[in-house]
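The values are calculated or read from the model by the stated rules, or taken from the named source; none is laboratory data. Being a predicted model, the structure only gives us computed values, none of them experimental. Ideal geometry is used to build each Cβ from the backbone, glycine not excepted, and the neighbour counts take in all protein chains shown. Each accessible area value is taken on the protein alone, full model and side chains, heavy atoms only, with ligands, DNA and RNA left out. Shrake-Rupley method; radii C 1.70, N 1.55, O 1.52, S 1.80 Å.
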Amino acid sequence: MNKIVLITGATSGIGLGCARKFAENGDKLILTGRKEQLLEEIRQELIAKGTQVLTLTFDVRDREAATRAIDSLPEEWSEIDVLVNNAGLALGLEPEYEGSFDDWETMIDTNIKGLLTMTRLIVPGMVARDRGHIINIGSVAGDAAYANGNVYCATKSAVKTLSDGLRIDVANTAVRVTNLKPGLVETNFSNTRFHGDTERAANVYKGIKPLTGDDIADVAVYAANAPAHVQIAEVLILATHQGSGSVIVRK
Ligand code: NDP
Ligand code: 8X3
C-alpha cells in the first residue's frame, strides 16, 4: 500500500536520501525543511519520476510554525503513515567546559525539542487510526559519549530514550517506533558542525569509506516495510572500518 511519509530536514544528507528511497518505494512524500527553493527543486526532481510530493517550509524549533504547517495539510495528505524525525545537527567539538551556550541551545532545541514537537503533532493521529510508524534518526553518539561530543551525544541519547519511551506508550496500538543510529555518514553534517570550515569537515571522512545518506535511507525503507507484526526497534549502522563512536580505523 502507498504510504504517506513525512520527512523533516529533507533538503540534505540522510533526509534527502530518505526522500529519494521512499519515492522509489512508491510512497507519497511530505518533505519539510527550512529552504523553500531547495525543497521545490527536490519536489520537481521527484514528481518528474512520478512521485506525489507536497512540501512544507518551517523550522522544527518553531512550534507555532510547525503546528500551522501540519494543520494546513489538505485532507488527502493528513493521514501520515510514517514520520521520519531526521532534522538535526551537531555544532562544535570542544570540551564540555568550553562549549558555546548558543550551540548547545540550538542542538537541544532542534534535536530534542524539534523532534518532540513533530512527535506531539503527528503521533495522536497515528494512535487514533491504530496505524503508523515513527523513525527517529538517533546516532551511535547516543550510545556512548566520545571526546568533545558532550552535548551532541546527550541530544542523541535523548533521542534513544524518547524513542524507547514512545515505543512503550504506543505498545497497545499497531504504531511502531524505530531508532536508527548511524555512525559516520558523509553529508553536510561536519560542515555544519565546524561552522563552514570545509577543510576540517573533509578530514572527518579521510582514510575511511563513510556511509552515505542512501545507506541509512535503505534501512529506514526496510523498517517501514517490515511485516506489520515486526517492529525494528533500533538499528546501529556503522561504516565497516568504524568500531564504535570513537574507534575509526583510517587507512
Ligand atoms: P545534513 O546537515 O546533511 O542535513 C541536516 C538536515 O536537517 C538539513 O536538511 C537541515 O536543513 C535540517 N535541519 C537542521 N536544523 C533544522 C531545523 N531547525 N529545522 C528544520 N530542519 C533543520 O546532515 P545529516 O543528513 O547527516 O543529518 C541528519 C540527521 O542525521 C541529524 O539528526 C544528525 O544528527 C543525524 N546523524 C548524522 C550522522 C552523520 O554522520 N552525518 C550520523 C548519525 C546521525 P538546513 O539545510 O536548513 O540546515
Ligand atoms: C553523527 C555521527 O559520530 O559524528 O551522529 O557523532 S558522529
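As a summary of the residue check, D218 satisfies the conditions (1) within 16 Å of ligand 2 (Cβ to nearest atom); (2) open to solvent by 50 Å² or more (accessible area, probe 1.4 Å) except for the one numbered (1).
Close Cβ contacts (under 9 Å, 6 or more residues apart or on different chains) running from residues in the stretch 81-95 that are over 18 Å from I108 (Cβ atoms) and at pLDDT 95 or above to residues that are part of a strand (DSSP E or B) and near ligand 2 (Cβ under 10 Å from one of its atoms) comprise V84/I137.
For the stretch 82-189, please list each of the helices (runs of 4 or more DSSP H) lying entirely inside it that holds at least 2 residues being of a type in the set (D, E).
Working: elements: 101-107, 115-129, 150-169.
Once the helices (runs of 4 or more DSSP H) in the stretch 82-189 are filtered for at least 2 residues that are of a type in the set (D, E), what remains is 101-107, 150-169.
Contact map, the stretch 144-165: residues that are open to solvent by 30 Å² or more (accessible area, probe 1.4 Å) paired with residues that are within 13 Å of ligand 1 (Cβ to nearest atom), Cβ distance under 6 Å, separation 6+ or inter-chain. Pairs shown: A144/G245; A145/C153; Y146/G245; N148/L93; S157/G142; K160/G138; K160/G142; K160/N179. A Cβ distance below 8 Å, combined with a sequence gap of six or more or placement on separate chains, defines the contacts here; from the stretch 34-54, residues that are β-branched (V, I, T) reach residues that are in a helix (DSSP H, G or I) in the pairs I42/L16; I42/A19; T51/A23; V53/A23; V53/I42; V53/R43; V53/L46; V53/I47.
Taking T119, is it surrounded by fewer than 20 Cβ atoms within 10 Å (Cβ to Cβ) and of a type outside the set (K, R)? Please lay out each step first, then the result.
Working: surrounded by fewer than 20 Cβ atoms within 10 Å (Cβ to Cβ): yes; of a type outside the set (K, R): yes.
Judged against the criteria, T119 is a match.
Summed over the stretch 140-189, the residues that are more than 10 Å from ligand 2 (Cβ to nearest atom), among the polar types (S, T, N, Q) and farther than 23 Å from A224 by Cβ give a count of 4. Only a single criterion out of (1) more than 16 Å from ligand 2 (Cβ to nearest atom); (2) assigned to a helix (DSSP H, G or I); (3) farther than 25 Å from V127 by Cβ; (4) of a type outside the set (S, T, Y) is not satisfied by G50, namely (2). Only one entry of G132, G213, G196 meets the criterion of being within 13 Å of ligand 1 (Cβ to nearest atom) and open to solvent by less than 30 Å² (accessible area, probe 1.4 Å), and that entry is G213.
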